[in-house]
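*Asks:* This is the structure, below, for whatever I ask next.
The values are calculated or read from the model by the stated rules, or taken from the named source; none is laboratory data. A quick note: this is a predicted structure, and the numbers were derived from the prediction, not measured. Cβ atoms come from the backbone with ideal geometry, glycine included; neighbour counts cover every protein chain shown.
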Amino acid sequence: MEVTFKDVSLSYDGSREILHRLNFTIPEGTLVSILGPSGCGKSTTLMMISGLLAPTSGHIFFGDEDVTKQDALQRKVGMVFQNYALYPHLKVLDNIMFPLKMAKVPKAERREKAIKLAKLVHVDDQLDKKPGSLSGGQQQRVAIARALAKEPSLLLLDEPLSNLDARLRIEMRQEIRRIQQETGVTTIFVTHDQDEALHISDHIMVLNSGKIQQFSSAETLYDNPSNLFIAQFIGEPVINTIDIEDFDDELTDHVDAEILKRAKKVGIRPEALQDHDTGADTLATITTKVKTFEKFGREKNALLDFHGKRLLTTEIEAELAEGQELPLYLQKSGFYLFDQEGTRIFGGDQDVE
Ligand SMILES: Nc1ncnc2c1ncn2[C@@H]1O[C@H](COP(=O)(O)OP(=O)(O)OP(=O)(O)O)[C@@H](O)[C@H]1O
Ligand SMILES: [Mg+2]
């Protein structure tokens, strides 16, 4: 089911607005992540999609239908939360069948459906166990199967993996992707973990302070951040950020004077600082001084001093000595300028949102 928000705003108390005029469309059959720091309004957005919470203003559409006034039951969504919220006294099979029982689906049919779903999420060997004797990952699989039982128009997942350990999180995010692709159900996945969002989604909606910062593919977020927040939020190690005043005249011949005048902040990805000239992509050269140089396995990290500011690079070929001077080739891909408001005005593809 395609979901559209038109000028949706929300205030819990009538005075403080939490979400400000959200406009977006989630395409049918896709997996979209809502990503952002704690308190930015991810769960609130999901609750409005589900129908558990009504917007203060604006309209919500499922396909062409305005569902703003419909409740959660009418919208037929399946939800999974961080705490699995399974019924502890019911066996796995009965947990999955529960929504079907409530919907008065005949016994044989609900059993058949539940077994099929248990197979889909790979818990068909656990059907007679109670939730308490399952691992976290297994419990979350059961919760997903239960959410899918009523063939929902949408599957909504609010940080479903945050109670799991690191390894299981990775396994389960791949599983969620597989299940979504096998069922084709439009899925909206809330997380504050960029790695999770980058790996699982077709598109990512990044929220901050109740506003959509950017809604695009993972690759576009990284290559074409629409603003400084996105540039700093996406990417590991974090992008280097310094003021335009920290440059002398290194950029003068390479960036349009009008743009340089408007620029406030400079963002340089650690891989855009190279100690060797690759030719085509070099934008400018700068001179730095090595502060620290560390090697771990295949990784080489150098912390450099550039006019008194720190820059991190991960792209060193030579062995470096602390204190040595180091000329660097600034690569065009991974170099951005942002204006006073934080909007990207140089670097990346200019016409990408
Ligand atoms: N029931 C509520 N009543 C009043 N304010 C609320 C309520 N629920 C959330 N808020 C506020 O709305 C804002 C957004 O909350 P929300 O739960 O949507 O954030 P979130 O992005 O899901 O955060 P987290 O990553 O911590 O789960 C926060 O400032 C929060 O304090
Ligand atoms: Mg939340």
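*Asks:* Does residue 225 qualify as being at negative phi, crowded, with 21+ Cβ neighbours inside 10 Å, part of a loop (DSSP other than H, G, I, E, B) and within 16 Å of ligand 1 (Cβ to nearest atom)?
*Replies:* Considered against the rule, which asks whether it is at negative phi, crowded, with 21+ Cβ neighbours inside 10 Å, part of a loop (DSSP other than H, G, I, E, B) and within 16 Å of ligand 1 (Cβ to nearest atom), residue 225 comes out as no.
*Asks:* Within the range 61-75, can one find any residue that is under 17 Å from residue 212 (Cα atoms) and away from ligand 2 (no atom under 16 Å from the Cβ)?
*Replies:* Checked against the condition, which is being under 17 Å from residue 212 (Cα atoms) and away from ligand 2 (no atom under 16 Å from the Cβ), the range 61-75 yields no hits at all.
*Asks:* Among (1) within 30 Å of residue 340 (Cβ to Cβ); (2) touching a helix residue (DSSP H, G or I) at 6+ places or on another chain (Cβ under 9 Å), where does residue 201 come up short?
*Replies:* Looking at each condition in turn, residue 201 falls short on (1).
*Asks:* So which of 41, 78, 51, 29 is within 23 Å of the chain's Cα centre (by Cα) and without any contact (Cβ under 8 Å) to a residue 40 or more places away in the chain?
*Replies:* 51
*Asks:* Taking the options 175, 182, name whichever one is of a type outside the set (A, V, I, L, M, F, W, C) and either under 17 Å from residue 82 (Cα atoms) or buried (at least 22 other Cβ atoms within 10 Å of the Cβ) (or both). Before you say what the answer is, go through the steps one by one.
*Replies:* Working: 182 fails: either under 17 Å from residue 82 (Cα atoms) or buried (at least 22 other Cβ atoms within 10 Å of the Cβ) (or both).
When all the criteria are applied, what remains is 175.
Listed here are the residues, each with its yes/no results for (1) outside the structural domain of residue 174 (by TED's automatic domain parsing); (2) under 30 Å from residue 2 (Cβ atoms); (3) among the polar types (S, T, N, Q).
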site	(1), (2), (3)
70	no, yes, yes
77	no, yes, no
84	no, yes, no
109	no, yes, no
116	no, yes, no
119	no, yes, no
129	no, no, no
134	no, no, no
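*Asks:* Take the residues of the range 189-202 that are more than 8 Å from the chain's Cα centre (by Cα) and more than 15 Å from ligand 1 (Cβ to nearest atom): which is surrounded by the fewest Cβ atoms within 10 Å (Cβ to Cβ)?
*Replies:* 199
Each row is one residue, and each column tells you yes or no for (1) surrounded by 15 or more Cβ atoms within 10 Å (Cβ to Cβ); (2) among the β-branched types (Val, Ile, Thr); (3) in contact (Cβ under 8 Å) with a residue 40 or more places away in the chain.
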residue: 311; (1), (2), (3): yes, no, yes
residue: 315; (1), (2), (3): yes, no, yes
residue: 319; (1), (2), (3): no, no, no
residue: 332; (1), (2), (3): yes, no, yes
residue: 339; (1), (2), (3): yes, no, yes
residue: 343; (1), (2), (3): no, yes, yes
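*Asks:* Output the number of the condition that residue 221 fails; it satisfies all remaining conditions of (1) modelled with pLDDT under 95; (2) under 15 Å from the mean Cα position of the chain (by Cα).
*Replies:* (1)
*Asks:* Looking only at the range 56-74, count how many residues are crowded, with 16+ Cβ neighbours inside 10 Å and touching a helix residue (DSSP H, G or I) at 6+ places or on another chain (Cβ under 7 Å).
*Replies:* 3
*Asks:* Now for a separate question. Please specify each residue of the range 12-55 satisfying the condition of being in contact with a helix residue (DSSP H, G or I) (Cβ under 8 Å, 6 or more places away or on another chain), more than 16 Å from ligand 2 (Cβ to nearest atom) and in a loop (DSSP other than H, G, I, E, B).
*Replies:* 51, 54, 55
*Asks:* Test residue 8 against the criterion of being without any contact (Cβ under 8 Å) to a residue 60 or more places away in the chain, more than 8 Å from ligand 1 (Cβ to nearest atom) and among the hydrophobic types (A, V, I, L, M, F, W, C), and give yes or no.
*Replies:* yes
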